[in-house]
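Enquirer: Below are the structure tokens for one structure; questions will follow.
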Amino acid sequence: MSDASIKVMQLLDELEEILETASKVPFSDKAIVDSDEVSQIISDIRLSMPKDIQQAQWVKDEQDRIINEAKQEYDKVIVAAKKQAEYLVETDVVKREAEKRANAVLEEAESHGRYMKLRSYEYIDKMLYDMQNDIAKLASDYIQPMNDYFTEMLNGINSKVNGNRQEMRDMAERIQNQEASSNTHYAPSYDEDEE
């Protein structure tokens, strides 16, 4: 288990201890805790998380940035095309030529916009794919071993409890056997002279 995972586990234990030792609200299951202390522990947990998880927010921000840049680029090309079209429509001949050129520019702009969107989706898909692999690795490297550890610990506790129960049954059986044995050996004798 990595140092980051150990630190996270320690912080979770500390948070659990705060909750367990917190004062209770009368007539309620609710507890009173120091929100600053709990907030600080949560902040420490976030800082101690493995880098793969911290990168998830960065990937989302990067996705938004790429899509916004593609939209801005698309909008700029459209605005430039419209301005150029308005400039060229001053005469009929120029107007026809302008329409052709404007359509070509619009098609080029739309094509460029689609290309930018596709490229950004490919990039984001790759980032998400890499993040998926990192999360799967995180699960297999950290979460599964913790789960196995807790399962083994609970099985051990269960085994001890079962052993204690068996020991208690054995003691009760011995007591019953001793009582049964003493009842069969004890037979009152009567002295005929006393009658």
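Enquirer: Is the shape of the stretch 81-173 rounded, prolate or oblate, going by the alpha carbon gyration tensor and its root eigenvalues a ≥ b ≥ c, with a/c under 1.5 for rounded and a/b larger than b/c for prolate? Display every interim value, and only then the final one.
Expert: Details: a/c = 12.05, a/b = 7.11, b/c = 1.69.
Taking the square roots of the gyration eigenvalues as a ≥ b ≥ c, the stretch 81-173 is prolate.
Enquirer: So between Glu173 and Ala80, what do we pick up on full extension, going 0.36 nm a residue minus the alpha carbon distance?
Expert: 23.9 nm
Enquirer: Another one. Of all accessible surface on the stretch 8-48 at a 1.4 Å probe, what whole percent is carbon and sulfur?
Expert: After summing per-atom areas, the C and S share lands at 53 percent.
Enquirer: Heavy atoms only, 1.4 Å probe, whole protein assembly: order Met127, Met168 by accessible area, highest first. Intermediate values should be presented prior to the final figure.
Expert: Values: Met127 40, Met168 115 Å².
Order by accessible area, largest first: Met168, Met127.
Enquirer: Could I ask something else about it? Any idea what the dipole of the stretch 28-182 comes to, in debye rounded to 20, about its Cα centre with Lys/Arg Cβ at +1 and Asp/Glu Cβ at -1?
Expert: Computed charge dipole of the stretch 28-182: roughly 440 debye.
Enquirer: Would you please give the FRET efficiency between Glu107 and Trp58, computed as 1/(1 + (r/R0)^6) with r the Cβ-Cβ distance and R0 = 35 Å, to the nearest 0.05?
Expert: 0.50
Enquirer: Probe 1.4 Å, all protein chains in place: accessible area of Glu14 in Å², nearest 10?
Expert: 80
Enquirer: Next up: Between Arg114 and Ser35, with labels modelled 7 Å along Cα→Cβ, what's the label distance in nm to one decimal, could you check?
Expert: 5.2
The values are calculated or read from the model by the stated rules, or taken from the named source; none is laboratory data. Please read all numbers here as calculations on a predicted model, not as lab measurements. In this analysis, Cβ positions are derived from the backbone assuming ideal geometry, glycine residues included, and neighbour counts consider all displayed protein chains. The area values use the complete protein model at the heavy-atom level, side chains included, leaving out ligands, DNA and RNA. Shrake-Rupley method; radii C 1.70, N 1.55, O 1.52, S 1.80 Å.
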